[in-house]
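The structure appears below as structure tokens.
What follows is calculated from the coordinates using simple rules that are stated; it is not laboratory data. As the structure is a computational prediction, the values presented were derived from the model and not from experiment. Don't worry about glycine lacking a Cβ; one is built from the backbone with ideal geometry, like all the others, and counts go over all protein chains shown.
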Amino acid sequence: DAASRALAAAAAAPADIAAAAAALEAGALVAFPTETVYGLGADAENPAAVAKIYAAKGRPQDHPVIVHVAPGADIDYWTSEVPDAARALVQHFWPGPLTLILKRNTHIPDAVSGGQDTVGIRCPSHPVAMQLLQAFKGGKGGVAAPSANKFGNVSPTTAQHVRDEFHDEVGQGNVIDSVLDGGSSQVGIESTILDLSRLATHGPVLLRPGHISAQQIADVIGVMPRQPDQAAPRASGTLESHYAPKAPVALLPTGDIEKTLAQLKLQGRCAALIHYTPFPGAHPNVALPAEPKGYAYGVYAALRAMDQQQVELILVEAPPTGDAWLGVNDRLRRAAFGSTGIIERFLKT
Ligand code: TXA
Ligand code: MG
């Protein structure tokens, strides 16, 4: 069918996979596609290689990275306590866009876990990611990989986005050995992160909403995950300001869009619009689908496209609320953080 033809087309050449796996084994960085966003990978068991990720991204050292494993990998190798709920979720959602935080095994380098007693682990479903993980160390290794963007920026959903982020840092003998091309990431926003490391005392905690919803998780483990305490913000993806393009972002209710665009235009301001209901006069603009999966698929590319056109301000029509839109709203809220009051400032000056 069409879906399996698309997957086959997304698969990488065996020679490219072998070269990328060899580069990882030699301690180099390789960017690769996953179904969520592109990752910047290093051998999770090689602290010097993991350190290169932090340097390349400009990321603080105390931010842990997710370990990516091949389908069928032995999670007990990476972790020390695996509750039944974790095994059920692995069974149900892997390979797929769900990251589990579990107590780490003692041999996991500090660089991977940001010095914490836990490890984030996930098995991605993108065919190229699975090929790479199966080739790397014969399928027994782990690839530490954050999103392949500079710290705080919008995550990449195409190989070109990765090259745009790292320019001349890509190429054999460079910081990033190679970028595997697997087309556009189908999910478009980062994996759901579920913390099961303190299950007995804290229950399951949803650290980052994503494509796999809290309800879907509850359907498998019988308990609804709760939101994290303010006291424990560990994930960089959960920092208030993150996933942000260069231009300021303002979220606006549908009813305010036309008036605001007109006012900005009067002031000679170049504002772009990302929307899901039709606004015939808006330009530059990107129209995204009015349903959450299609919207998530396109939202990061839309933010990047606006930056490429060097607009002064990105107006975003606030998406609907509701469970299915949680992941998208979370990312947009963070992209807009720090731009509070921006429209008023633009209209005053
Ligand atoms: O979809 C994804 O998860 C993508 C692809 C490449 O797999 N990766 C990704 O990585 O989004 P990154 O590093 O950009 O975001 C991972 C988040 C970070 O916010 C990090 O702090 C959190 O996961 N994380 C990783 N290990 C953790 C741990 N042991 N405890 C708490 N948070 C952790
Ligand atoms: Mg990231």
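Determine the percent antiparallel among the DSSP beta bridges restricted to the range 58-144, to the nearest 5.
About 75 percent, rounded to the nearest 5.
Applying the Karplus parametrisation 6.51 cos²θ - 1.76 cosθ + 1.60 with θ = phi - 60° to the phi angles of the range 173-188, what ³J(HN,Hα) value in whole Hz is obtained for each residue in order, glycine and proline being reported as x?
The phi angles translate into x, 9, 4, 10, 4, 7, 10, 6, 9, x, x, 7, 4, 6, 7, x Hz.
Based on the Kirkwood radius over alpha-carbon pairs, what is the Stokes-Einstein translational diffusion coefficient of the range 249-348 at 25 °C with 0.890 mPa s viscosity, in µm²/s?
Reported coefficient: 180 µm²/s.
Using amide H atoms built in the peptide plane, which far-off residues or other-chain residues are under 5 Å from Thr79 H to H?
Long-range HN contacts for Thr79: Asn105.
Taking only pairs that are 8 or more places apart or on different chains, how many Lys pairs in the chain have Cα atoms under 22 angstrom apart?
Close lysine pairs under the 22 Å cut-off: 11.
With both bridge residues required to lie in the chain, what share of the DSSP beta bridges run antiparallel, to the nearest 5%?
Expressed as a percentage, antiparallel bridges in the chain total about 45.
Can you pull a Stokes-Einstein diffusion coefficient for the chain at 20 °C (1.002 mPa s), Rh from Kirkwood over Cα pairs, as a whole number of µm²/s?
In µm²/s, the coefficient rounds to 103.
With a sphere of radius 14 Å drawn around the Cβ of Val128, what net charge do the other residues whose Cβ falls strictly inside it have (Lys, Arg +1; Asp, Glu -1)?
My count for the surroundings of Val128 gives -3.
Name the long-range amide H neighbours of Gly41: under 5 Å, sequence gap of 5 or more, or other chain; modelled H, no Pro or chain starts.
It is Val30, Ala31, Phe32, by chain and number.
What ranking, highest mean first, results for peptides 29-39, 296-306, 266-276, 248-258 when packing means the other Cβ atoms within 10 Å averaged over each residue?
29-39, 296-306, 266-276, 248-258
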